[in-house]
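*Asks:* What follows is a single structure, and I will ask about it in a moment.
The values are calculated or read from the model by the stated rules, or taken from the named source; none is laboratory data. Treat the numbers as computed from the prediction; the structure is a model and nothing was measured. A quick note on method: Cβ atoms are made from the backbone with ideal geometry, for glycine too, and the neighbour counts reach across all protein chains shown.
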């Protein structure tokens, strides 16, 4: 199934995120990632949701969201016309005998160590999800203690913005 990314501009009111997430739950749609934040205009928040499904599922989700009173606009973010990134913090065991190997993997993926201790280190990496997944696969052998992923954030390329679509 295709991975879809949509940006949902909503009024910045109490409970809007819960209502949007509830719509996905009631309809039986699974959310892969969900990120939310206030926009450049504090009256609005932007929800970026990723989910798997064909065009029929995507269109049904968009139709259901557009029926919600706090939803102002929805943009489909196609891979070819948007920039998408994810931030991940990964805590791994610190093994001094393998430190050079670990640092080589970190350098190759342009990640960075953001916390270092005698027993563990925390690595920050940003990029497309495929890059993150490849990094995690390589770093597994060093002993992952914990992973925290932000979910995908995505912007349309060019000068247009989701807020510019408000009528």
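*Asks:* Just for strands (runs of 3 or more DSSP E) wholly inside the range 1-102: which have at least 1 residues that are at pLDDT 95 or above, under 30 Å from residue 134 (Cβ atoms) and over 14 Å from the mean Cα position of the chain (by Cα)?
*Replies:* Result: 82-93.
*Asks:* Of everything in the range 115-167 that's assigned to a loop (DSSP other than H, G, I, E, B) and over 22 Å from the mean Cα position of the chain (by Cα), which residue is nearest to residue 7 (Cα to Cα)?
*Replies:* It comes out as 166.
*Asks:* When residues of the range 87-102 are filtered for being more than 12 Å from residue 122 (Cα to Cα) and out of contact with any strand residue (DSSP E or B) (no Cβ under 6 Å at 6 or more places or on another chain), how many remain?
*Replies:* Matching residues across the range 87-102 total 7.
*Asks:* What are the residues in the range 1-53 that are exposed (fewer than 15 other Cβ atoms within 10 Å of the Cβ) and within 18 Å of residue 156 (Cα to Cα), if any?
*Replies:* If the condition is that a residue be exposed (fewer than 15 other Cβ atoms within 10 Å of the Cβ) and within 18 Å of residue 156 (Cα to Cα), then 3, 37, 38, 40, 41 are the ones that fit.
*Asks:* Counting just the residues of the range 88-114 that are out of contact with any helix residue (DSSP H, G or I) (no Cβ under 9 Å at 6 or more places or on another chain) and touching a residue at least 24 places away in the same chain (Cβ under 8 Å), which one comes out surrounded by the most Cβ atoms within 10 Å (Cβ to Cβ)?
*Replies:* 91
*Asks:* With the condition kept exactly as written, say whether any residue in the range 133-143 is within 23 Å of residue 36 (Cα to Cα) and either outside the structural domain of residue 40 (by TED's automatic domain parsing) or exposed (fewer than 12 other Cβ atoms within 10 Å of the Cβ) (or both).
*Replies:* Yes: one or more hits.
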